[in-house]
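The values are calculated or read from the model by the stated rules, or taken from the named source; none is laboratory data. Worth saying up front: this structure is predicted, and the values here are computed from it rather than measured. Quick reminder, even Gly has a Cβ in these numbers, built from the backbone with ideal geometry, and neighbours come from all protein chains shown.
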Amino acid sequence: YDNVLWMKLSEIARYWAARTLTTITQKQNGFELNAPFACREFTVELPVQPQAAIRVGNQEGNVELRPVKTWQALQAGSRFSRADGVSLLCFDLPRGVSSLEW
């Protein structure tokens with residue numbers, strides 16, 4: 001199966017806790033995320049134009065998400081843009097306040 005991401009039960013629990021409890025607030029050029037838990041390879045789907053540079057960051061610095069050609073190639077620090085203008089963004093979500101900007 002090329003569309004299955006194998007995870008340990010503890011990884012699934014952390015992902016769902018982060019997904020459920022992280023607050024997301026829209027800002028002028030992106031979103032602010034406030035996460036009570038850190039989460040590896042956190043993935044969000046946003047209506048972002050494919051040509052836009054997308055950065056994720058916190059007080060420790062920013063990282064530009066690199067584009068990949070297929071959604072199956074997504075991993076932390078990358079993004080996939082669909083033909084309909086929606087992008088899948090994958091990054092390591094830190095605990096606390098962070099931002100997605102373009």
Exercise for the section: Evaluate the stretch 1-13: report whether one residue or more is surrounded by 15 or more Cβ atoms within 10 Å (Cβ to Cβ) and in contact (Cβ under 8 Å) with a residue 12 or more places away in the chain. Expected result: no
Exercise for the section: Go through the stretch 1-28 and count every residue that is assigned to a loop (DSSP other than H, G, I, E, B) and farther than 17 Å from Phe91 by Cβ. Expected result: 7
Problem - Subset of the stretch 35-56 [under 9 Å from the mean Cα position of the chain (by Cα) and within 18 Å of Leu21 (Cβ to Cβ)] - result: Glu41, Phe42, Thr43, Val44
Handout entry: Residue in the stretch 27-34 that is under 14 Å from the mean Cα position of the chain (by Cα) and among the aromatic types (Phe, Trp, Tyr) present
Key = yes
Practice task
Could you please give the count of residues in the stretch 20-59 that are of a type in the set (Lys, Arg) and at pLDDT 95 or above?
Solution key: 0
Handout entry: Cβ pairs under 7 Å, 6+ apart, first in the stretch 81-102 and closer than 13 Å to Glu60 by Cβ, second surrounded by 14 or more Cβ atoms within 10 Å (Cβ to Cβ) and charged (D, E, K, R)
Key = Asp92/Arg40; Asp92/Glu41; Val97/Glu32; Ser99/Glu32
Practice task
For the stretch 45-98, please list each of the strands (runs of 3 or more DSSP E) lying entirely inside it that holds at least 2 residues being buried (at least 18 other Cβ atoms within 10 Å of the Cβ).
Solution key: 78-81, 87-93
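Determine whether the stretch 64-78 contains at least one residue that is among the charged types (D, E, K, R) and closer than 20 Å to Gln26 by Cβ.
Going through the stretch 64-78, the residues among the charged types (D, E, K, R) turn out to be 64, 66, 69.
Now restrict to residues that are closer than 20 Å to Gln26 by Cβ: none.
No, there is no match, as no residue in the stretch 64-78 is among the charged types (D, E, K, R) and closer than 20 Å to Gln26 by Cβ.
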